[in-house]
Amino acid sequence: MSKFKLAMVQMAVGLSKPENLARATKFIQEASSAGAKVITLPECFNSPYGTNYFAEYAESIPGGPSTEALAKAAKENSVYVVGGSIPERQGDKLYNTCTIFNPKGELITKHRKVHLFDIDVPGKIRFQESEVLSPGDHLTIFTTPFCTIGVGICYDIRFAEMAQIYANKGCALLLYPGAFNMTTGPAHWEALQRARALDNQVFVATASPARDTGAGYIAWGHSSVVDPWGDVISTIDEKEGIVYADIDLARMEEVRKNIPIRNQKRLDLYNPVSVPLKSQRKDDLYDIHQ
Ligand SMILES: NC(=O)CC(=O)C(=O)O
């Protein structure tokens with residue numbers, strides 16, 4: 001199938017976990033009714049985003065109320081659900097984790113944010129996820145009947161090498177649940193999506209929480225879908241809503257044919273960042289769900 005509808009959910013996230021889960025479920029139903037086959041929630045959709053909240057809202061995966069709600073919603077609506085992220089607890093460690101469900105409601109894989117959001121922009125924003133979270137150690141790819149999809153969480157989008165590996169491994173779509181803020185959002189959010197799309201001639205899509213100006217961390221919003229030409233083909237402002245896009249793989253092939261950078265790389269002059277050869281990597285570096 002070369003065409004399918006993608007939905008990126010920009011939902012309000014508050015202090016009540018049950019209300020957040022009910023909202024996510026309602027949005028999944030709505031997107032499915034509109035014909036979406038792959039539905040993505042925002043980063044930290046079950047909890048406010050903040051290092052002071054992660055431990056309180058953390059769950060084991062699977063087994064917690066958030067993954068149970070997503071499994072049920074995926075099954076009832078017969079859709080792929082890319083569950084934004086939730087704080088995950090395993091042993092004495094916490095992770096920022098995206099769970100991915102198939103249309104039978106089965107958890108097929110999960111992505112733990114591999115690049116933790118540790119920044120300090122004086123006078124603007126200081127955020128140190130590593131004070132409470134541990135980083136993941138896998139890149140995450142899953143296959144659907146529509147296309148192969150690579151997953152990153154928010155800050156992961158800043159790392160071009162990761163996206164390039166996904167593209168080299170056959171991903172046509174990169175999904176980044178994310179929560180940029182009022183400093184980095186206007187400056188970098190769209191530029192990074194367009195950069196990753198242009199570098200790799202793939203579709204790139206983001207899902208942010210809706211903006212809550214009363215929150216400790218104010219999300220930028222502006223969930224979007226960018227096509228392999230670098231055009232923003234669907235987007236939203238800061239309020240709640242769903243961003244839909246028809247992902248047409250023929251468009252990707254056309255762009256790749258028109259501007260064939262993939263066949264023009266001077267690998268004799270620079271090392272490929274992708275390490276697809278088994279001999280060059282640890283066997284467990286990638287979590288690829290076929
Ligand atoms: N919240 C993040 O992980 C990333 C972010 O806001 C940024 O890179 O800017």
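The values are calculated or read from the model by the stated rules, or taken from the named source; none is laboratory data. Predicted model, so just to flag it, every value in this text is computed and none were measured. Neighbour counts run over all protein chains shown; Cβ positions are idealised from the backbone, glycine included. SASA here: full protein model, heavy atoms, side chains in, ligands and nucleic acids out. Shrake-Rupley method; radii C 1.70, N 1.55, O 1.52, S 1.80 Å.
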**Item:** Within the chain, longest stretch free of exposed trypsin sites (Lys or Arg not before Pro) [DSSP loop, at most 15 other beta carbons within 10 Å]
**Value:** 1-103
**Leading residue at positive end of dipole, the chain (Cβ point charges), from Ile242, Leu267, Tyr155** = Leu267
**Item:** Whether the stretch 47-176 is rounded, prolate or oblate, judged on the alpha carbon gyration tensor where a/c under 1.5 counts as rounded
**Value:** oblate
**Asked** Does the chain come out rounded, prolate or oblate, given a ≥ b ≥ c as the square roots of the eigenvalues of its C-alpha gyration tensor, rounded meaning a/c under 1.5 and, failing that, prolate meaning a/b above b/c?
**Response** rounded
**Request:** Please give the per residue accessible area of the stretch 3-149, computed with a probe of 1.4 Å over protein heavy atoms only, in Å².
**Result:** 39
**Fill in**
Expressed in angstrom and rounded, the centroid-to-centroid distance over alpha carbons for the stretch 186-258 and the stretch 38-62 is 21
**Message:** Under 8 Å for C-alpha pairs, at least 6 residues apart: give me the relative contact order for the stretch 1-84, rounded to a whole percent.
**Reply:** 36
**Fill in**
Checked against the positive end of the charge dipole of the stretch 32-82 (+1 on Cβ of Lys and Arg, -1 on Cβ of Asp and Glu, about the Cα centre), the farthest of Cys44, Ser78, Pro65 is Ser78
**Message:** Can you give the FRET efficiency to the nearest 0.05 for Asp248 and Ala191, using r as the Cβ-Cβ distance and R₀ = 25 Å?
**Reply:** 0.60
**Request:** Express as a percent, rounded to the nearest 5, the fraction of DSSP beta bridges in the chain (both residues included) that run antiparallel.
**Result:** 65
**Asked** So which of Lys72/Lys239; Lys93/Lys265; Lys26/Lys113; Lys110/Lys257; Lys5/Lys113; Lys17/Lys93 end up more than 31 Å apart, counting from Cα to Cα?
**Response** Lys93/Lys265; Lys110/Lys257
**Item:** Difference of contour (0.36 nm per residue) and Cα-Cα distance, Trp229 to Gln29
**Value:** 68.9 nm
**Prompt:** Please state the relative contact order of the stretch 1-154 as a whole percent: Cα pairs under 8 Å, 6+ residues apart?
**Reply:** 19
**Item:** Fraction of beta bridges assigned by DSSP in the stretch 72-216 that are antiparallel (%, nearest 5)
**Value:** 70
**Message:** Which one, Asn168, Ile125, Gly216, is farthest towards the positive end of the dipole of the stretch 118-218 when Lys and Arg carry +1 and Asp and Glu -1 on their Cβ?
**Reply:** Asn168
**Message:** Between Asn258 and Glu131, what is 0.36 nm times their sequence separation minus the Cα-Cα distance? Round to one decimal in nm.
**Reply:** 41.1 nm
